[in-house]
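Student: Supplied in structure tokens, the structure appears directly below.
The values are calculated or read from the model by the stated rules, or taken from the named source; none is laboratory data. From a predicted model like this one, the values you see are computed outputs, not experimental measurements. Here Cβ is always computed from backbone atoms with ideal geometry, including for glycine, and neighbour counts include all displayed protein chains. Side chains are part of the model used for accessible areas, which takes the heavy atoms of the whole protein and leaves out ligands, DNA and RNA. Shrake-Rupley method; radii C 1.70, N 1.55, O 1.52, S 1.80 Å.
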Amino acid sequence: MKTLFSILLCIVFCLDTHAQQLEVKEFKLDPTDLRARTRPRKDINGDPCALVKIQIPVLHDLVVESSTQIGTMEYTPGEYMLFLGDGTRNITLKHPDYEPTEIDFGTRVEGMNAYILKLDIPKTNDNTSFVHFHSNVTKFDLEVNNQTHSTENGEVYVRLSPATYHYTISTPLSGFESVSGTFDVAESDINGIKALDRINLPSAKKFNLHISAPEESSIKIDGQPVRKWNKPQLLPAGSHTVEASIGNISRTFNVDMSTSDQLLNADVRGSITVAYPTGIELELTPLAGALKPTKKKFLPG
């Protein structure tokens, strides 16, 4: 496998003096992410794809143009997961607020490998700042500056000028109270991202998180180490972050527990990683050529 660390990244921009493009900060191989190897997505010829993780702090409507893109691009806050056919070298990024950005990786990506592409937003001349709101519920409505912003992924970015603002966050999910408050955007925040602390909507509900992982795993929930993670973890209703690691391999999972108990397979080396409600019935069938398919059904929780 060709190494990327000795190859300079070539970034090709079609410059326009009146237009702004997304800024590329870094492109590199990520040997610690095994998802492209353990959960490969295949192209029409059955060959495994490469995984390119596009990391950008702002933008929910990013579109990639590439003839080798396989399947739809998956989004989690701050990151897009893009699967490309083996040998891809170029992609084009598009967003309604910016000019198309053409990117040459400087090498051809290889199937079953994971890569990180870090982007940044260009600076503006309108004296505004992006303000980042995030909450413990994934689906909420934000009212600020006489506008309503809705999301289903737990975060919202709003561009605002320096001033003091009042906000209200509410959710259509039952069992949660709305929260209101104020914040300031300072002159020093211009052309940057002002990240507010996570805004938690109070709820009397609690649900159990069941974690499945190898015994040698280290687990953190919302940044706090958990020693007896193999036992049910009673957590407040809402979204939670679980970090699992074995040695130098680690992954972070976002688990939405707004309405029910959840079961998380947090094996960073395994071929199945999924969070789903307890009480559903599963049947596991290995691929052809693997072990003899099982007829046994499993009832989590």
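Student: Taking into account only those residues within the range 169-179 that are among the polar types (S, T, N, Q) and surrounded by fewer than 14 Cβ atoms within 10 Å (Cβ to Cβ), which is nearest to Asp120 (Cα to Cα)? So that I can check it myself, show each step before the final result.
Tutor: Initially, the range 169-179 is screened for residues among the polar types (S, T, N, Q), giving 170-171, 174, 178.
The next check asks that each one be surrounded by fewer than 14 Cβ atoms within 10 Å (Cβ to Cβ); those that pass are 174, 178.
Details: Ser174: 36, Ser178: 32 Å.
Selected residue: Ser178.
Student: Then there is this: Please enumerate the residues belonging to the range 101-113 that are within 14 Å of Glu26 (Cα to Cα) and either open to solvent by 20 Å² or more (accessible area, probe 1.4 Å) or in a strand (DSSP E or B) (or both). Give the derivation first.
Tutor: In the first step, residues of the range 101-113 are kept if they are within 14 Å of Glu26 (Cα to Cα); the result is 103-107.
Selection gives Ile103, Asp104.
Student: Something else about it: Here is a list: Val179, Val137, Val158, Val144. Which entry is over 30 Å from Thr32 (Cα atoms), among the hydrophobic types (A, V, I, L, M, F, W, C) and touching a Leu at 6+ places or on another chain (Cβ under 6 Å)? Steps first, please.
Tutor: Numbers: Val137 fails: over 30 Å from Thr32 (Cα atoms); Val158 fails: touching a Leu at 6+ places or on another chain (Cβ under 6 Å); Val144 fails: touching a Leu at 6+ places or on another chain (Cβ under 6 Å).
Within the list Val179, Val137, Val158, Val144, the selection yields Val179.
Student: Specify the residue that is farthest from Phe133 (Cα to Cα); the eligible residues are those in the range 145-179 that are touching a Pro at 6+ places or on another chain (Cβ under 9 Å) and in a strand (DSSP E or B).
Tutor: Ranking the candidates gives Phe176 first.
Student: Sticking with this one: For Tyr98, indicate whether it is surrounded by 16 or more Cβ atoms within 10 Å (Cβ to Cβ), modelled with pLDDT under 90 and of a type in the set (Phe, Trp, Tyr). Steps first, answer last, please.
Tutor: Values: surrounded by 16 or more Cβ atoms within 10 Å (Cβ to Cβ): yes; modelled with pLDDT under 90: yes; of a type in the set (Phe, Trp, Tyr): yes.
So Tyr98 passes the test.
Student: Quick check on the range 116-144: of everything there that is among the polar types (S, T, N, Q) and either part of a loop (DSSP other than H, G, I, E, B) or open to solvent by 20 Å² or more (accessible area, probe 1.4 Å) (or both), which residue is nearest to Glu102 (Cα to Cα)? It would help to see each step written out before you state the result.
Tutor: As a first pass, look at the range 116-144 and keep what is among the polar types (S, T, N, Q): 124-125, 127-129, 135-136, 138.
With the extra rule that they be either part of a loop (DSSP other than H, G, I, E, B) or open to solvent by 20 Å² or more (accessible area, probe 1.4 Å) (or both), the set shrinks to 124-125, 127-128, 136, 138.
Details: Thr124: 20, Asn125: 23, Asn127: 27, Thr128: 26, Asn136: 36, Thr138: 32 Å.
Among residues in the range 116-144 that are among the polar types (S, T, N, Q) and either part of a loop (DSSP other than H, G, I, E, B) or open to solvent by 20 Å² or more (accessible area, probe 1.4 Å) (or both), the one nearest to Glu102 (Cα to Cα) is Thr124.
Student: Turning to a different aspect of this structure: Going residue by residue through the range 164-175, is there one that turns out to be under 27 Å from Ala266 (Cα atoms) and touching a residue at least 12 places away in the same chain (Cβ under 8 Å)? Before you say what the answer is, go through the steps one by one.
Tutor: Taking the range 164-175 and keeping what is under 27 Å from Ala266 (Cα atoms), we get 173.
Still in the list and also touching a residue at least 12 places away in the same chain (Cβ under 8 Å): 173.
The answer is yes; a qualifying residue exists.
Student: Show me the strands (runs of 3 or more DSSP E) found entirely inside the range 180-230 where at least 2 residues are open to solvent by less than 30 Å² (accessible area, probe 1.4 Å) and either touching a residue at least 24 places away in the same chain (Cβ under 8 Å) or closer than 17 Å to Val156 by Cβ (or both). Write out each step before concluding.
Tutor: Details: elements: 193-195, 206-212, 218-221, 224-226.
Because the criterion is at least 2 residues that are open to solvent by less than 30 Å² (accessible area, probe 1.4 Å) and either touching a residue at least 24 places away in the same chain (Cβ under 8 Å) or closer than 17 Å to Val156 by Cβ (or both), the strands (runs of 3 or more DSSP E) in the range 180-230 that meet it are 206-212.
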